[in-house]
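> One structure, as structure tokens, below. Some questions next.
The values are calculated or read from the model by the stated rules, or taken from the named source; none is laboratory data. What you see is a predicted model, and the numbers here were worked out from it, not measured in a lab. With ideal geometry, Cβ positions are generated from the backbone for all residues, glycine too; neighbour counts draw on all protein chains shown. In case anyone asks, the SASA skips ligands and DNA or RNA and just uses the protein heavy atoms, side chains included. Shrake-Rupley method; radii C 1.70, N 1.55, O 1.52, S 1.80 Å.
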Amino acid sequence: MSRQPVVVVGHVPTPRGRAALEHGVEEAHRRGARLVVVNSSRGDALVDEEYLQGDPLRRLQDELTVSGLPFELRRPIGRDVAEELADAVSETGADLLVIGLRRRSAVGKLLMGSAAQRILLTVECPILTVKGPPRPT
Amino acid sequence: MPLSRRSFLAGALATTAGVLAGCAGTVVQAGDLSRLRLMAPASPGGGWDTTARVFQRVVQTSGLARNVQVFNVEGAGGTIGLGQLARETDDALLMMMGLVMVGAVDTNDSATRLADVTPIARLIGETELIVAPADAPYSDIAGFVEAWAADPAGTPIAGGSAGGTDQILAGLLAQAAGIDPGQVNYIAYSGGGESLAALLGNQVAAGISGTADYGEQVRTGDLVGLAVSTAERSDQVPDVPTLVESGFDVEVDNWRGLMARPGMSDQAREDLTALVVDVHDSDEWAEALETNGWSDLLLAGEEYGEFLVEEEQRVLAILREIGLVQ
Amino acid sequence: MSVSPDPDVSTRDATGAHASAGGRPPAPPRTGVSRGELAMTVLLGVLGVYLLLDAANIAIPGSSNTIGPRFFPYLIGGVVLATALALGFRVLRGDRGPADESEDVDPDAPTSWVAVGTIAAAFLGQALLINVVGWPLAVTLMFAVVAWSLGARGVVRPLLAGGVLAVVVWIVFVKGLGVALPGGVLLELATSWF
Amino acid sequence: MGALSDLLGGFADALTPVNLLFALLGVVLGTAVGVLPGIGPAMTVALLLPVTYTLEPTTAFIMFAGIYYGGMYGGSTTSILLNTPGESSSIMTALEGNLMAKSGRGAAALATAAIGSFVAGTIATLLLALVAPVVVDLAIGITPADYFALAVLAFVAVATVLGASPLRGLASLGVGLYLGLVGTDVLTGQERFTVGVPQLSDGIDVVVVAVGLFAVGETLYVASRLRRGPVEVMAASGSYLTRADLRRSWKPWLRGTALGFPLGALPAGGAEIPTFLSYAAERKLTKHPEEFGRGAIEGVAGPEAANNAAAAGVLVPLLTLGLPTSATAAIILAAFQGYGIQPGPTLLSTESSLVWTLIASLLIGNFMLLVLNLPLAGVWVKLLRIPRPYLYAGILLFASLGCYAVNADPLDLVLLLVIGLLGFAMRRYGWPVAPAVIGLILGPVAETNLRRALAISSGDLGVLVDTWFSRIVLALAVLALVLPVVLRAVRGRRATPEELQAGEGLRHRETVGAPPADEEER
């Protein structure tokens, strides 16, 4: 029997994270894949609003349950988002990674670096990058 | 109410910043006093600091020098500042000091003595005021001394820090009254304000401090002024007699003066002395004396040096009697 | 803190990574004699003995009335020594002090002496460098080292953050408030027109 | 009314644009650091002491007043929204407040805390204005023996009653008392324990000790056991105070004030005990006992009011007797002394305008806090997104600034580090830090007054219990020392439900992230 495909989604509670999640769900349905949602935090601040906790976390889980997909939610705390995603991809042998892109000016990119860029460079599978809210399907 | 002190504090560290910025190897040539530094070897807000800042203001407003900076070197009755002065190489530096430092050199067993630096001038004096609580059974100094002689141990006298002017005056008065200075029950407080509470609460028999600390209470009648320590009565408490008037041969001025680094040329020393005399002669200085209640005690050059030698002997003798110096 | 995915998540524990740890049984109470606590107690005892011995060297001037300058040092020395003995007794029986709580402290974590040492060294270095290179540069370096040892990543960001903060603070306090802080040659020159 | 016209005069001085600006600055800074982890009001005032070298005293104290009250407010915001009380006095707020936020009533919890703080702060500050002149009149008659008794009571309270481990509290106090001995003896001018270092002859600077123990010690301790990972933030959701909320809140506000002010004003004060008592009282008196433990508004309103009232109460002994009873008060005392001003019975007459301006600006700052805090709670929480490495590196940067600027001597920084390492060791092994600071400041007070008392009485020990005041205070000290022991003996090992509740509160911070570490032998 053949292995079930895996789609990994990098999710944050923002519009781009939302977009990545919805595309991920769509892709997983299309491929009949298992969905692995990764919401990670560097954990270096007392408050990280991009880290899902409490009600938003429960809502996400409900949403994924409703989608009917086999899913797994990972919430690692690590040093770097790119590393966490790369780990998740290599561990699950993922077939696709879906991430959301942030719009940034050239200067902003220069100063802040780019998590997306590091992900593109380190991750060993096809990557789907999504910008902004998705088209209504 | 020392309103003046506050405004002086305002400029306090502004000046020190500059000092640090420009402290490396700035030896000013003799005669160049356009830039002058003033060391107050005590914490900001104290007597030496206040006097230094008044001096600074007068020098600047009267245009005698453009850039005058005051900085503080706290500690050990001023002897830390004295030690630093002895190592200085900058001619354009004056250290504020006074009677307390004379005693502090001995009580702190300081390696640097006053003779190790260059005396410039004595400048001002403050009058010491001896008071009693309003409820005290005596109203003049003779009555107090009588009670004191009868029971020295049971007659606690409040005053400023140990070994300071207040305690020296207590010792000298005891000596003059035929009481063993070693028997004086002197209760040291960190300042006039703190001993004031003990006097108002009638917890001690008498108190000694500057007229600035007790004058207000004597004028309002909350305290009884027994005597002042100077040769002449103070304008601030004109009704209080001097010790000499009252028959005790004791005269103490809480004087303040200026010193400079050792080993300077005669020319540099004369320039500094001339500057101090110029400050003294200005109208602004006269006004400052008036507002602060200081008496004019200018004594410059050699005479000041001789005065210091005499004062050292007198202070050391009484500190020995009191037992503060072995 | 583990980097691996949190296995508890799919159990719908919604209270967050740390609170999710609330489900696990409390850590067993540490037992045995703590060497560190014993060392603290011994140091306290040494302080007590030092106080008692050195108090005898305080000169008593003839003018000191009733209890002199030695009384309190003796009293405190005695109390400190007695406290050390009592505490030592307790510690040897296995008593442990409740470690201080703080918002950012994980009371279960083992003590990272490396971080403590690095930060202490950085602070010491800064103290010695101030008069050489000026305050802003000295604290910038300290800032970066401290940030690194606390887990900051990258080279540029910690240095940049520290540098900007140091210069801003220096300008506010020195140029605005007149506090004495050596700025270092460059900064003093650059801001001399203030 | 003399006090009223004096207070109006104070308002006239406080309402200048510059002073208002600094009041605002202090309030904002105070709230910000109250919110930030690792920094309390004591540390903030200590770190900002250098500004006192250049500002006028009035302006500086206006700013400190803002920081002082602001720190209390900031603490309540994080307690409610994050369940992370920054200070032990906001533990009780966290208990019910966070539960309210969890059940979607965060806005109401914030509102009752903010308004309660405002009401209590205002009433207590007015009480301070009324009480201070009266206490000063009494304080003139306070003898050195009375001062000694007060200091002893403060020692007993701070070392044994407030801490979890009395022996370790005593050890910390001893360290502080030793630090206080270093320097020149005030009464005889003799140097003690200066080990030949002339810089030590004036004693160890309180600023260095406070910054070292609080800022450097805290940073080292956090570094040694850094927690990673964020905590959950509750939304400030729901409506602000409804009519029903208000009806349930106003009595706890007033009761909290009534408990907080007098207990804060006691020399054994501090804000912890009144907040615990207020919580216990509200639990007993409430008509909704079922809500306690699930987010009862009374449990937020009362302790918050008590907390702020106690903060004002602490100023009574500080201003009228020169006795600091909390770490923050100790630093403020050091700030006064930096200006050559000695708080005590004569302060009100010698620095009358300063004191009244200070009291007026406390009232103004309190009002500013109410206006600032209700709408800005979310903004404050954003501050917490500063990554920990930068936050603690920044704290050390300010520690260096605050300490170096005192004497511009790098040696002070080395001393700061040594004391910081001591502070780290104390935290690491459960020695409370506050007794050391109180010991450093009150040790010399106790010693000089004991010796003055005996000198004045020519050595008669009876002078120590000569006045009713000293008798009562010393009796209280003995009671505070003996009572816990007796209670434990009588009650045995069984704890009452109330105690369990209070104990849970004490440990609440641990439960924020992980289960309580070690529970043995408290």
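> Find how much the distance from D:Leu8 to D:Leu376 grows on full extension, using 0.36 nm per residue of separation minus their present alpha carbon separation; answer in nm with one decimal.
Once the chain is fully extended between D:Leu8 and D:Leu376, it gains 129.5 nm.
> Same structure again: Roughly how big is the A-C contact, given as buried accessible area in Å² (both sides, 1.4 Å probe, nearest 100)?
For A against C, buried area totals roughly 1700 Å².
> Express the carbon and sulfur contribution to the solvent-accessible surface of chain D as a percent, rounded to the nearest whole number, probe 1.4 angstrom.
Ligands and nucleic acids excluded, carbon and sulfur reach 68 percent.
> Report the FRET efficiency, 1/(1 + (r/R0)^6), for C:Arg93 and B:Asp109, where r is their Cβ-Cβ distance and R0 is 30 Å, rounded to 0.05.
Details: r = 48 Å, r/R0 = 1.60.
So the FRET efficiency works out to roughly 0.05.
> Let me ask something else about it. From the P(r) of chain D, can you give the percent of Cα pairs sitting at distances over 33 Å?
Values: 50177 of 135981 pairs.
Considering chain D, 37 percent of its Cα-Cα pairs are separated by more than 33 Å.
> What is the dipole size for region B:126-228, taken about its Cα centre, with +1 at each Lys and Arg Cβ and -1 at each Asp and Glu Cβ, in debye to the nearest 20? Please report the intermediate quantities before stating the final value.
On the way: 1 positive and 12 negative charges, 10 e Å.
The calculated dipole for region B:126-228 is roughly 40 debye.
> So what J values fall out for region B:35-42 if you push phi through Karplus, 6.51 cos²θ - 1.76 cosθ + 1.60 with θ = phi - 60°, rounded to Hz, Gly and Pro as x?
Listing the rounded values in order: 10, 10, 10, 10, 9, 9, x, 7 Hz.
> If you don't mind, another one. Length gain on complete extension for the stretch D:Leu461 to D:Val486, per 0.36 nm per residue less the alpha carbon to alpha carbon distance?
6.1 nm
> Would you pull out the residues with amide H under 5 Å of A:Arg74's amide H, same chain only if 5 or more places away, H placed 1.01 Å from N?
Under 5 Å from the amide H of A:Arg74 lie the amide H atoms of A:Val37, A:Val38, A:Asn39, each far enough along the sequence or on another chain.
> Name the residue from D:Val381, D:Ala334, D:Leu370 whose Cα lies farthest towards the positive end of the charge dipole of chain D, charges +1 on Cβ of Lys and Arg and -1 on Cβ of Asp and Glu.
So the residue furthest toward the plus end is D:Val381.
> Work out the FRET efficiency for C:Leu38 and D:Val134 from their Cβ-Cβ distance, taking R0 = 41 Å, and round it to the nearest 0.05. Walk me through the intermediate numbers first.
Values: r = 51 Å, r/R0 = 1.24.
With R0 = 41 Å, the Cβ-Cβ based efficiency is 0.20.
> To the nearest 20 debye, what is the magnitude of the charge dipole of chain B about its Cα centre, counting +1 on the Cβ of each Lys and Arg and -1 on the Cβ of each Asp and Glu?
1180 debye
> Please enumerate, by chain and number, the aspartates and glutamates with C-alpha under 14 Å from the C-alpha of D:Lys102, excluding those fewer than 8 residues away in the same chain.
Filter leaves A:Asp55, D:Glu232, D:Glu291.
> Continuing with the same structure: Along the charge dipole of region B:163-284, which of B:Gln167, B:Gly257, B:Val184 sits closest to the positive end, that is, farthest toward it, with unit charges on the beta carbon of Lys, Arg, Asp and Glu (+1, +1, -1, -1)?
Of the options given, the answer is B:Val184.
> Okay, moving on. Can you work out the PRE-style zone for D:Val18? Point 7 Å along Cα to Cβ, and I want the residues of region D:332-352 with backbone N under 18 Å.
D:339
> Based on Cβ point charges of +1 for Lys and Arg and -1 for Asp and Glu, what charge dipole magnitude is obtained for region D:2-493 about its Cα centre, in debye rounded to the nearest 20?
In debye, rounded to 20, region D:2-493 gives about 1980.
> Between A:Glu26 and B:Ser62, how many nm apart are label points set 7 Å from Cα along the C-beta direction?
8.8 nm
> OK, next. What order do you get for D:114-125, D:449-460 when each peptide is scored by the mean count of other beta carbon atoms within 10 Å, highest first? Mind dumping the intermediate values first?
Details: D:114-125: 26.2, D:449-460: 20.9.
Highest mean packing first, the order is D:114-125, D:449-460.
> Between C:Asn57 and B:Glu310, with labels modelled 7 Å along Cα→Cβ, what's the label distance in nm to one decimal, could you check?
4.1 nm
> OK, next. Long-range amide H contacts for B:Trp255: which residues qualify at under 5 Å (H placed 1.01 Å from N, peptide plane, sequence gap of 5 or more or a different chain)?
Amide H neighbours of B:Trp255: B:Leu99, B:Glu126.
> Just grab the label-to-label distance for B:Ala317 and B:Ala231, each label 7 Å out from Cα along the Cβ direction, in nm (one decimal).
So the two model labels end up 1.8 nm from each other.
> Right, here's the next one. Place +1 on the Cβ of every Lys and Arg and -1 on the Cβ of every Asp and Glu in region D:2-493, take the dipole about the Cα centre, and give the residue among D:Pro144, D:Val465, D:Thr350 whose Cα lies farthest towards its positive end.
Projecting each Cα onto the dipole axis, the largest value belongs to D:Val465.
> Next question. Work out from phi, with θ = phi - 60° and the Karplus expression 6.51 cos²θ - 1.76 cosθ + 1.60, the ³J(HN,Hα) of each residue of region D:331-346, listed in order in whole Hz, and give x for Gly and Pro.
Per-residue couplings from phi come out as 5, 5, 4, 4, 5, 4, 5, x, 8, x, 9, 9, x, x, x, 8 Hz.
> Same structure, new question: Count charges around D:Pro343 for me, please; just the other residues with Cβ under 13 Å from its Cβ, Lys/Arg as +1, Asp/Glu as -1.
Neighbourhood net charge equals -2.
> Which percent of the accessible heavy-atom area of region B:126-228 goes to carbon and sulfur, probe 1.4 angstrom? Kindly include the intermediate steps, with their values, before the conclusion.
Values: 1330 of 3030 Å².
Carbon plus sulfur share of accessible area: 44 percent.
> With θ set to phi - 60° and the Karplus curve 6.51 cos²θ - 1.76 cosθ + 1.60, what are the ³J(HN,Hα) couplings of region D:131-146 in order, to the nearest whole Hz, using x for Gly and Pro?
Coupling constants for region D:131-146: 7, 3, x, 5, 4, 4, 4, 5, 5, 4, x, 6, 8, x, 5, 5 Hz.
> If amide hydrogens are placed 1.01 Å from N in the peptide plane, which non-local residues have theirs closer than 5 Å to the one on B:Val68?
Amide H to amide H, under 5 Å and 5 or more residues apart or across chains, B:Val68 pairs with B:Leu36.
> Using the beta-carbon distance between A:Asp55 and A:Thr122 and R0 = 41 Å, what value does 1/(1 + (r/R0)^6) give for FRET efficiency, to the nearest 0.05?
Computed FRET efficiency for A:Asp55 and A:Thr122: 0.80.
> Once D and C are treated as a pair rather than alone, how much accessible area drops out, both sides summed, in Å² to 100, probe 1.4 Å?
Working: alone 22660 and 14520 Å², together 28800 Å².
Using a 1.4 Å probe, the pair buries roughly 8400 Å².
> Quick one: go through region D:292-321 and flag any residue whose amide nitrogen is under 20 Å from the point 7 Å out along the Cα-to-Cβ line of D:Arg247.
Taking a point 7 Å out along Cα→Cβ of D:Arg247, the residues of region D:292-321 whose backbone N falls under 20 Å are D:292, D:295-302.
> Next question. Region A:26-57: which residues show an accessible-area loss of 30 Å² or more, assembly versus chain alone, 1.4 Å probe?
A:Arg42, A:Gly43, A:Asp44, A:Ala45, A:Leu46, A:Val47, A:Glu49, A:Gln53, A:Gly54
> Can you check what the net charge comes to around B:Pro137, using other residues whose Cβ is under 13 Å from the Cβ of B:Pro137 (Lys, Arg +1; Asp, Glu -1)?
Working: positive: none; negative: B:Asp135, B:Asp140, B:Glu146, B:Asp151.
Cβ neighbours under 13 Å give a net charge of -4.
> Please work out the Cα center distance from region D:334-349 to region D:370-430, rounded to the nearest Å.
Cα centroid to Cα centroid, the span is 27 Å.
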